[in-house]
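The values are calculated or read from the model by the stated rules, or taken from the named source; none is laboratory data. Since the structure is predicted, the reported quantities are computational estimates derived from the model, not experimental observations. Backbone-built Cβ (ideal geometry, glycine too); neighbour counts: all protein chains shown.
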C-alpha cells in the first residue's frame, strides 16, 4: 500500500480526454503511442509506479492545457502484445492538484503535484447514507434505455455504494467537463448528487454546455 510519505512530488501525466480514474477504482488502458509506451517503461522502473490521469482542454490559441485536478493510479497489471502495444491497468490511489508542469527531456508530460486535501482518497472505502436505490436505479434505467446501454442490474443492486457510484461515473457516456465535475466532487455523496444531476439533464435533453452552467 502506498502511504502519504511514498507519494512523489513529480509524476508523469497522461492527458486522455474522457478517461476518468477515481480512487480505489481500476482503469484499463491500451497504450500504443510511442511517447506513452516510453512513459510506461519509465514508470515501471519506479517504486511507486504512478501515472496521473488528467483531463486536457483546448484554449482559443490552439494550446492544450491541463485541468488543475487529476487522479493518480498505480500500474498494477501489464501485458505486451506481439506488435509492441501495452495493455495496462491503473488502480486509483489519490487525486492530486497540479502545481506546475515540469520542462524536461521526456516525450510525455510531467507535473509537480500536491496531494494535500485528498487524504480521504487514501482512507477507508466511502459510503453514501443518502443513496436511495429505489429511486436511483429506475432513473439510471431510463438513462441507459435512452442511450441504448445495457448492464448487469443484479450486480448494480448488490454493489457497495462506492463501487456503484464510482463505476457509473467512470463508465457513463459523459463529456470531459462532466467527468471533471465528477472527479472533483469532494465526497461520495456529492459525487452521487453530481451524477444524478448529469443524468437528469441528459434525460431532459440538456446540452453539455447547459449542464455545466
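Give 176, 169, 114 a once-over and let me know the one that is at pLDDT 95 or above, within 16 Å of the chain's Cα centre (by Cα) and within 29 Å of residue 72 (Cβ to Cβ).
On the way: 176 fails: at pLDDT 95 or above; 114 fails: within 16 Å of the chain's Cα centre (by Cα).
That would be 169, the only listed residue that is at pLDDT 95 or above, within 16 Å of the chain's Cα centre (by Cα) and within 29 Å of residue 72 (Cβ to Cβ).
Among the residues of the stretch 61-80, which ones are modelled with pLDDT of 95 or more, part of a loop (DSSP other than H, G, I, E, B) and exposed (fewer than 12 other Cβ atoms within 10 Å of the Cβ)?
Matches in the stretch 61-80: none.
For residues that are free of Cβ contacts under 8 Å to residues at least 12 places away in the same chain and more than 12 Å from residue 74 (Cα to Cα), tally how many sit in the stretch 1-29. Can you show your working first?
So the first thing to find is which residues in the stretch 1-29 are free of Cβ contacts under 8 Å to residues at least 12 places away in the same chain, and the list is 1, 5.
Next cut, more than 12 Å from residue 74 (Cα to Cα) only: 5.
Looking only at that region, the number is 1.
Mind checking whether some residue in the stretch 136-148 is outside any strand (DSSP E or B), in contact with a strand residue (DSSP E or B) (Cβ under 6 Å, 6 or more places away or on another chain) and modelled with pLDDT under 95?
The answer is no, given that none of the residues of the stretch 136-148 is outside any strand (DSSP E or B), in contact with a strand residue (DSSP E or B) (Cβ under 6 Å, 6 or more places away or on another chain) and modelled with pLDDT under 95.
If residue 131 passes every condition in (1) surrounded by fewer than 14 Cβ atoms within 10 Å (Cβ to Cβ); (2) touching a helix residue (DSSP H, G or I) at 6+ places or on another chain (Cβ under 6 Å) but one, which one does it miss?
Only one criterion in (1) surrounded by fewer than 14 Cβ atoms within 10 Å (Cβ to Cβ); (2) touching a helix residue (DSSP H, G or I) at 6+ places or on another chain (Cβ under 6 Å) is unmet by residue 131, namely (1).
From the set of residues in the stretch 178-190 that are without any contact (Cβ under 8 Å) to a residue 40 or more places away in the chain and part of a helix (DSSP H, G or I), which is surrounded by the most Cβ atoms within 10 Å (Cβ to Cβ)? Walk me through it before giving the result.
Here is the first cut: in the stretch 178-190, the residues without any contact (Cβ under 8 Å) to a residue 40 or more places away in the chain are 178, 181, 185, 190.
Within this subset, residues satisfying the condition of being part of a helix (DSSP H, G or I) are 178, 181, 190.
Details: 178: 23, 181: 18, 190: 14.
Per the criteria, the residue is 178.
Kindly check whether there is at least one residue in the stretch 88-109 that is surrounded by fewer than 15 Cβ atoms within 10 Å (Cβ to Cβ) and assigned to a helix (DSSP H, G or I).
No, the conditions are met nowhere in the stretch 88-109.
When the stretch 9-43 is examined, which residues are found to be assigned to a loop (DSSP other than H, G, I, E, B) and surrounded by 14 or more Cβ atoms within 10 Å (Cβ to Cβ)? Outline the logic, then answer.
Applying the first criterion (assigned to a loop (DSSP other than H, G, I, E, B)) to the stretch 9-43 yields 9, 16-25, 32-33.
16, 19, 20, 21, 22, 23, 24, 25 - these are the residues of the stretch 9-43 that are assigned to a loop (DSSP other than H, G, I, E, B) and surrounded by 14 or more Cβ atoms within 10 Å (Cβ to Cβ).
If you take the residues in the stretch 44-60 that are surrounded by 12 or more Cβ atoms within 10 Å (Cβ to Cβ) and over 20 Å from the mean Cα position of the chain (by Cα), which one is nearest to residue 168 (Cα to Cα)? Working first, answer last.
Narrowing the stretch 44-60 to residues surrounded by 12 or more Cβ atoms within 10 Å (Cβ to Cβ): 44, 46, 48-57.
In the following step, the residues that additionally are over 20 Å from the mean Cα position of the chain (by Cα) were identified as 44, 46.
Numbers: 44: 29, 46: 31 Å.
Taking the candidates together, the pick is 44.
Taking the stated definitions as given, is residue 126 part of a helix (DSSP H, G or I) and in contact with a helix residue (DSSP H, G or I) (Cβ under 7 Å, 6 or more places away or on another chain)? Quick ask: steps written out before the conclusion?
Values: part of a helix (DSSP H, G or I): no; in contact with a helix residue (DSSP H, G or I) (Cβ under 7 Å, 6 or more places away or on another chain): yes.
For residue 126, the condition - part of a helix (DSSP H, G or I) and in contact with a helix residue (DSSP H, G or I) (Cβ under 7 Å, 6 or more places away or on another chain) - is not met.
Could you grab me the full set of residues in the stretch 158-175 that are in a helix (DSSP H, G or I) and surrounded by fewer than 17 Cβ atoms within 10 Å (Cβ to Cβ)?
Restricting attention to the stretch 158-175, the residues satisfying the condition of being in a helix (DSSP H, G or I) are 158, 161-171.
Hits for the stretch 158-175 are 158, 163, 171.
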